[in-house]
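A short reminder: the numbers here are calculations on the coordinates, not readings from a lab. Given the structure is predicted, the values throughout are model-derived calculations rather than measurements. Glycine also receives a Cβ, built like all others from the backbone with ideal geometry; neighbour counts cover every protein chain displayed.
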Amino acid sequence: MKKLIITALAGAMAASSGLALAERGGKEIYDSKCFACHSTGAAGAPKVGDAAAWAPRIEQGMDTLMKHAKEGLNAMPPMGTCMDCSDAEMQAAVEYIIEQSQ
Ligand code: HEC
């Protein structure tokens, strides 16, 4: 809860001062945006930690994974619903998922 308030405050401060928010880490993005589907398999999402499900996807290469993460793929929504994620943040989230799924 405390963290939420701090995050909200930081967001408000950044918005009012015009400063970019500090980049969030892959785990942070995953926990707040990707977890809903990728931890449960909701909507047919490959579960994080399921190496067999991820192996063929990882084989496509990072460029393809990032393209699908950003543009969406079937039930995977564009940006995995993280509409305010920067490219670097999306990549960190995808890398976090891969690290946890090998
Ligand atoms: C609404 C549910 C949902 C959310 C939220 C979601 N995903 Fe997905 N994701 C999916 C589904 C479903 C697939 C499988 C799509 C397919 O292959 O048909 C998928 C597939 C992927 C893939 C594999 C793409 C490929 O080329 O095989 C990546 C990478 C991915 N998601 C990253 C993310 C990231 C990063 C986030 C959070 C920023 C996220 N997803 C949030 C549902 C979701």
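Seen from ALA42, the other residues with C-beta closer than 14 Å to its C-beta sum to a net charge of +1, counting Lys and Arg as +1 and Asp and Glu as -1. Each peptide in 54-63, 40-49, 24-33 receives the mean, over its residues, of other Cβ atoms within 10 Å, and ordering these scores from highest gives 24-33, 40-49, 54-63. A cut-off under 12 angstrom between Cβ atoms defines the neighbours of GLU23, and their net charge, with Lys, Arg +1 and Asp, Glu -1, is -3. Applying the Karplus relation 6.51 cos²θ - 1.76 cosθ + 1.60 with θ = phi - 60° to region 86-102 yields 3J(HN,Hα) values of 7, 4, 5, 5, 4, 5, 4, 5, 5, 5, 4, 4, 4, 4, 7, 10, 10 Hz, where x marks Gly and Pro.
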